[in-house]
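> Pasting a structure below so you can have a look.
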Amino acid sequence: MEGGSGERSNPLAAARILVVDDEPGMRHFLVKTLQPICRHVDEAQDVRSAEALLSSHQYDVMILDNIMPGQKGLEWLQDQREIGGFTDTILITAYADLQTAIDAMRAGASDFLIKPFRSNQVLNAIRKCLELSRLKRENSLLRRELDTVASGNRRRELVGKSSAIVEVRRLLERVAPLTTPVLITGPSGSGKEVAARHIHSHSGRGEAPFVPIQCGAIQAEMIQSELFGHGAGAFPGAQSGREGLLAQASGGTVFLDDVSELNASAQTAFLRVLEDGVIRPLGTGRDVQLDLRFVIASTKSLQAEVEAGRFREDLLFRANVVELEMPPLKDRGTDVLELADLFQAEISVALNLPKVEMSAAARSAMLRYDWPGNIRELHNFIERALIFGRFPLETLGKVVSADEIAPLEDTEKREILLALEALGGNRSEAARRLGVSRKTIDRKCAAWGL
């Protein structure tokens, strides 16, 4: 899908429209008006033909005639809403009265046009419908993101200049324009969601929704309802139908974090989404076709989960087309200082606190520390520093005293001898593990009388 700011300014260019009317002349007029302007236009002469199209295609707007042979458009629309149909609908009719308008709104119609109408009227109605739908979805997703996502995770670009992160960034931007699912692995807190947002922002979907879903944070019995939506009466308390997160993300990117936490039934349903792009809201008999890009993440080994019988092997094969591993922070060199400066600037503004001078001792300590909690731990460390007005270096492990500092030559000798002992005297392997040449090992050993 081609995305961008052009679609935001002209929503009709990306719109998929379904025209349902029994009059050939009206269908011809609407199709001729819309086809040069919209992305895709289909037509149906009755509600049965419309049902067949809705079962295999996704539409942004349906233009529906009310008076047709057989079932009325309003009655059929109400039936569609009850079985999980969420397509925005503009009702058209030649028989206008107040009760029909009220019934149209109750049935879930977004707008109401009286025949005859001009082409600019229907275009304005579609444009208004698309804009209202976009605002509703953006509002829902933003409220959810504010409730569930830490501010640091909303970064759209990977930060850092280390060779490890430069390589990851190169791979992300290579796969970004594709629709292929991407599996991102790596330790917790290493920036998997930011990597997913990096893919999204560099794809053609950058202006469409990005929906992060933390699978482990949703109750197992609610996961399918949250992802796929549900119809009215699908379970106790479901008095009306609701669109799921996947439908709300249509046209954009879905980031499924901790995918290993999906239960067996959700895995089965998700496999179908990956293979066919189709979901079925709970309690409905209706399939919904979606246009989505999936980025999937897991801190657990999915292969190990497959071997333990907790994850479907066919789902792993389908999800793992491209796998990218995020490096731990300890392997990213001076990126830790760049991230620390960035976090300090952001948090000081957010909390209205003065910055803390990052001394040479603080920088050395941060470079020395292994950061087992990765970027998340660094973010918390910087936040504590701003709150207390100093860097809590004591939390980064023991600091040696001046008397404990050993000459570099002694440290080098100890590490080489330990490596040789561990490897049974294999100098070539010791050189490889220590990152030096075999000649260096031979020269040092000769100097030590070995």
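> Please give the length that would be gained between residue 350 and residue 390 if that part of the chain were fully extended, namely 0.36 nm times their separation in residues minus their C-alpha to C-alpha distance (nm, one decimal).
12.6 nm
> Based on the Cβ-Cβ distance from residue 67 to residue 156, what FRET efficiency comes out when R0 is 56 Å, to the nearest 0.05?
Efficiency, from the Cβ-Cβ distance: 0.70.
> While we're on this one: For residue 325 and residue 166 in one chain, what is 0.36 nm times their gap in residues minus the Cα-Cα distance, to one decimal in nm?
Between residue 325 and residue 166, full extension yields an extra 56.0 nm.
> Under a straight-distance cross-link criterion of Cα-Cα below 20 Å, which lysines are reachable from residue 330, leaving out those fewer than 8 residues away in the same chain?
Leaving aside lysines fewer than 8 places away in the same chain, those within reach of residue 330 are 161, 192, 300, 398.
> Can you pull a Stokes-Einstein diffusion coefficient for the chain at 10 °C (1.306 mPa s), Rh from Kirkwood over Cα pairs, as a whole number of µm²/s?
61
> Set the Förster distance to 51 Å, then compute FRET efficiency between residue 174 and residue 95 from the Cβ-Cβ distance, nearest 0.05.
In this case the efficiency is close to 0.35.
> If I stretch the segment between residue 132 and residue 55 completely, what's the gain in nm (0.36 nm per residue apart, minus their alpha carbon distance), one decimal?
25.3 nm
> Now for a separate question. Students often check this: by mean Cβ neighbours within 10 Å, which of 220-231, 189-200 ranks highest, and how do the rest follow?
My ranking of the peptides, most packed first, is 189-200, 220-231.
> Also: Would you mind computing, in nm to one decimal, how far apart the modelled labels at residue 300 and residue 268 are, each placed 7 Å from Cα along Cα→Cβ?
Here the modelled spin labels are 1.9 nm apart.
> Highest mean first, how do 172-185, 59-72, 27-40 rank when packing is the count of other Cβ atoms within 10 Å averaged over residues?
Result, highest mean Cβ count within 10 Å first: 59-72, 172-185, 27-40.
> Oh, and also: Based on DSSP H runs of at least 4 residues, each adding -39500 (n - 2.57), what is the mean residue ellipticity at 222 nm of the chain after dividing by all its residues, to the nearest 500 deg cm²/dmol?
Mean residue ellipticity, 222 nm, calculated: -14000 deg cm²/dmol.
> In degrees from 0 to 90, rounded to the nearest 10, what is the angle of the helix 163-175 Cα long axis to the longest principal axis of the chain?
20
> What ranking of 86, 388 emerges when the number of other C-beta atoms within 10 Å of each C-beta is taken as an exposure proxy, fewest first?
If I rank by nearby Cβ atoms, fewest first, I get 388, 86.
Bear in mind these aren't lab numbers, they're just calculated from the coordinates by the rules spelled out. Because the structure is predicted, anything quoted here is derived from the model rather than measured. With ideal geometry, Cβ positions are generated from the backbone for all residues, glycine too; neighbour counts draw on all protein chains shown.
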